[in-house]
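Everything below concerns the one structure shown next.
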Amino acid sequence: RPVVLGPTAFELPLTVDNGSAHRLRLEAASLALRCGDARALELRLAGEVCIERRTRVEVVTRWRMRIADPLALYVVVERLRKGELSDLAVDYAVEGRGGPAAVNISRERVPLSEFLNTFGLTTDDVARFFRTER
């Protein structure tokens, strides 16, 4: 579960499995939650994250949050509570290193369900979280 640190910051524990022979380093990451064409919420990683080789660990990541469009965010939260996720999407960018290789990945308008699946989550998990967080 996320831990709120203030109005624009939170910590999010993540379990990371690095089965490679190289140390992984996440130098920068950003994520934007979209409702249709509107960017509702933007998140940025607040500090570098390192995962040693051949380990499975829980790391605490710190994020900065910016509300890009308050009305769109309200619509997003209401849709998450109701489980109506069809037009919700994510833009993301990641920069880091996997041993000697640089890693730069970015995608736009990834359906929320596809993005969540990357982390072993479903849209039902998210809807359940928002329904119980009132």
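Remarks
- Residue within segment 17-28 that is in contact with a Ser or Thr (Cβ under 7 Å, 6 or more places away or on another chain) and in a strand (DSSP E or B) present: yes
- Condition met for R34 (in a strand (DSSP E or B) and among the basic types (K, R)): yes
- Every condition in (1) over 28 Å from G19 (Cβ atoms); (2) buried (at least 17 other Cβ atoms within 10 Å of the Cβ); (3) out of contact with any Leu (no Cβ under 7 Å at 6 or more places or on another chain) is met by F115 except one, and the failing one is (1).
- Flag if L71 is over 18 Å from F10 (Cβ atoms) and crowded, with 17+ Cβ neighbours inside 10 Å: no
- Residue satisfying all of: in segment 83-96; free of Cβ contacts under 8 Å to residues at least 60 places away in the same chain and buried (at least 17 other Cβ atoms within 10 Å of the Cβ); farthest from R39 (Cα to Cα) among these: L85
- Residue in segment 114-127 that is over 19 Å from R44 (Cβ atoms) and modelled with pLDDT of 90 or more present: yes
- Qualifying position, being crowded, with 16+ Cβ neighbours inside 10 Å and at pLDDT 95 or above, among L41, L45, L80: L45
- Residues in segment 89-108 that are out of contact with any Lys or Arg (no Cβ under 6 Å at 6 or more places or on another chain) and among the small types (G, A, S): A93, G98, G99, A101, A102, S106.
- Contact annotation: residue pairs with Cβ atoms under 8 Å, 6 or more positions apart or on different chains, pairing a residue in segment 97-117 that is of a type in the set (S, T, Y) with a partner that is outside any helix (DSSP H, G or I), are S106/D91; S106/Y92; S106/A93; S106/V94; S113/L85; S113/T122.
The values are calculated or read from the model by the stated rules, or taken from the named source; none is laboratory data. Computed from a prediction, not measured in an experiment: that's the story for all the values here. Every residue, glycine among them, receives a Cβ derived from its backbone with ideal geometry; neighbour counts consider all protein chains shown.
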